[in-house]
Amino acid sequence: MRKCMKKALFAVCAAILLIQVGCAGTNAPSAGPSAPSASPSATKTETTAASSAPTKQEDAPAQTPVRDSIIVAMESEPPTLHPFDHKAVTASFMNKLTYSYLFEANPETLDPEMLLVKEYSNTSETEWIFTIHDNVLFHNGDKMTAQDVVASMDYAKTYPTAKDYTSFWSDVCVVDEYSFKVTTEGPFAFVLNNLCNIRVLPKGLIDADHDFHTNPIGSGPYKFVKQTLGDSIEFVKFDDYFREGHPPTITNMLWRIIPESSSRTIALEAGEVDLVIEVDTVSLDRLKASEAIETTTVRGTRVNFLAMNGEVAPFDNQLFRKAVNSAINKEAIIAIALDGEGYVALSQTPSVFGGTNTENADDYDLDAAKQYLAQSGVDTSTLSIPCIVSTDTARRAAEVLQSNLGDLGITLTIDSMDYATYLSAIMGGNYTVAVSGYTASDYNYFTTGLFHSRSLNSANLARVNDEQIDEYIELGRTQIDESLRIDTYNKLSAYLNDLTPFAPLYESVVTRAFNKDLGGIVVGATGAIRFEDVYWIN
């Protein structure tokens, strides 16, 4: 996949491993004084909390750190703090702080690694026995057992947004105090990957119908303190975090909501925040030149696209969708919306995954777009299409789309909305087109989340309900032989490219900018950071 317009970005993306979202893909703050609101006019509502490990982290300084807090800036407020009831990357950031997972994806390789699980065995092609660590405490003081794991897996299965990683087991049961058994209906290649998404909650709180949306209680490295809607979320380190070699060293963490990209940059330069999640690409060269700031960039697993609602005319017409896709100058979008920091996307699935190809994919070709349009029979003379966006970058991309589709006689209007409203619209099918994207840690999770019929009213934004797609995905899940699985995925990729449920725009790079005195920051291809490993150098 060729890079668009700008200097070479160093790429680090792993090949596909067995399924699961970035044990992640898509989508926190301090115990000191609350930072000023990024949006003075925003309404603030406070919610307060009720009362074998992977590689050892980089050694933090032996002496007491000079600084004991960190402020992180993010673009959009998470729609919930719930562990399962979302498909938002922003909510996933919060989940990784407050919850521990059975497995997690290695940030750099995307391999599933044991986290809560300390050992496991595959006793047959359909049965797995897992044993968790016996020293895990929840934030409320309860000790974790296999009962909590089974209750959490049953609980996760009740949420439509979790179907893509909870549908693989036919049964889960307790074996003994710290062991549980998972049974699948047949061979399944992605058991460990899917368990990267299972956050474990206290069974007692599940049974008591605890409100995990506003008061997350898990066993993660940080405990929830308070949320001020429209402004910030606060956390404090969990002193009893179980993971050997990874004790959090920064006590107080504050995540500030700063929607304006330039404001995030200014706040970092002024020392008002210590780390920026969504870096303004327009300001990236300036940040790289700063002696007080470090930046890190890796090639990501996210594909960004024009989501087209296939249940809404004229996007229920495949030839019209192909006309729209062919009319889009993707290099122009990368240049204008991203300042060159991205890669042209042609396929419906990420190029970093084995099984992705560009067979049947349409590149920018206005003549071909006009031919598709003529064949579609759609009259564009009075056609006006509303496009929803939720970020500055998406709005800039939509402005290029507006010009491109104008070449086909199509009027595109742009409607910016807050992230929670935007998510509700696209996941519920209450939209026509939207600039969106999706990230995952492997091909199976990506295609299951975006294209499988069971993901309707979740991440299946195009409202695809296609038996052939479902068959390819289900077959790939059962193929333990990787060569056979990749062959299936290549067929699926070609089929999706021809169907064109989305108009792929670009594949993202993951960039983070932070205070140069922060150590231990390792950014993975899915954008995840292990904040328990982050510390102050000075």
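Any read-out appearing in this document is the output of simple, stated calculations on the displayed coordinates, not a laboratory observation. Predicted model, so just to flag it, every value in this text is computed and none were measured. For neighbour counting, all protein chains shown are included, and Cβ atoms are generated from backbone atoms with ideal geometry for every residue, glycine included.
What percent antiparallel are the DSSP beta bridges of the range 300-510, to the nearest 5? Let's see the in-between values first.
Details: 14 of 22 bridges.
Bridges in the range 300-510 are about 65 percent antiparallel.
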Check LEU412: other-chain or 5+ apart residues with amide H under 5 Å from its amide H, H built from backbone geometry?
ILE385
In sequence order, what are the phi-derived ³J(HN,Hα) couplings for the range 451-458 according to the Karplus relation 6.51 cos²θ - 1.76 cosθ + 1.60 with θ = phi - 60°, rounded to whole Hz, with x for glycine and proline?
10, 6, 5, 5, 8, 4, 6, 9
Aspartates and glutamates within cross-link reach of LYS157: Cα-Cα under 18 Å, excluding same-chain residues under 8 positions apart?
ASP85, ASP148, ASP171, GLU185, ASP207, ASP209, ASP211
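Based on the mean of other beta carbon atoms within 10 Å per residue, what is the order of 307-313, 318-324, most packed first?
Highest to lowest by the protection proxy: 318-324, 307-313.
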Average projected area of the Cα convex hull of the range 152-300, in nm²?
12.8 nm²
Over the range 439-497, consider all pairs of different Cα atoms and compute the Kirkwood hydrodynamic radius from their mean reciprocal separation; express it in Å, one decimal.
11.4 Å
Sparse-neighbourhood loop hits (trypsin sites (Lys or Arg not before Pro), the range 100-162; DSSP loop; Cβ within 10 Å at most 16 others) -> LYS157
What is the Cα convex hull volume of the range 399-479 when expressed per residue in Å³?
125 Å³
Tail weight of P(r) past 47 Å, computed on alpha-carbon pairs of the chain, percent:
8 percent
Compute the relative contact order of the range 164-221 as a whole-number percentage, counting only Cα pairs closer than 8 Å that sit 6 or more residues apart in sequence.
26 percent
Place +1 on the Cβ of every Lys and Arg and -1 on the Cβ of every Asp and Glu in the range 300-510, take the dipole about the Cα centre, and give the residue among GLN318, TYR364, LEU450 whose Cα lies farthest towards its positive end.
LEU450
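Compute the semi-axes of the equivalent ellipsoid of the range 346-406, taking the square root of 5 times each eigenvalue of the Cα gyration tensor, and list them largest first in whole Å. Before the final figure, lay out each step's value.
Working: eigenvalues 117, 85, 18 Å².
Equivalent ellipsoid semi-axes, largest first: 24, 21, 10 Å.
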Please work out, to two decimal places, the log10 of the ratio I(q)/I(0) at q = 0.20, 0.21, 0.24 Å⁻¹ from a Debye calculation in which every Cα of the range 111-197 carries one identical scatterer.
-0.99, -1.09, -1.38
By average C-beta atoms within 10 angstrom, highest first, the peptides 478-485, 331-338, 266-273:
331-338, 266-273, 478-485
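Which semi-axis lengths, in whole Å and largest first, follow from the square roots of five times the eigenvalues of the Cα gyration tensor of the range 418-538? Can you show the working numbers first?
Working: eigenvalues 207, 91, 30 Å².
In descending order, the three semi-axes are 32, 21, 12 Å.
What number, rounded to the nearest 500 deg cm²/dmol, is the helix-based mean residue ellipticity at 222 nm of the chain, given -39500 (n - 2.57) per DSSP H run of at least four residues and division by all its residues? Spell out each step's value before the answer.
Working: 15 runs with 141 residues, N = 538.
Estimated from H runs of four or more residues: -7500 deg cm²/dmol.
When the Kirkwood radius is taken over all Cα pairs of the range 300-510, what Stokes-Einstein diffusion coefficient follows at 25 °C and 0.890 mPa s, in µm²/s? Working shown, then result.
On the way: Rh = 17.1 Å.
For the chosen part, D equals 144 µm²/s.
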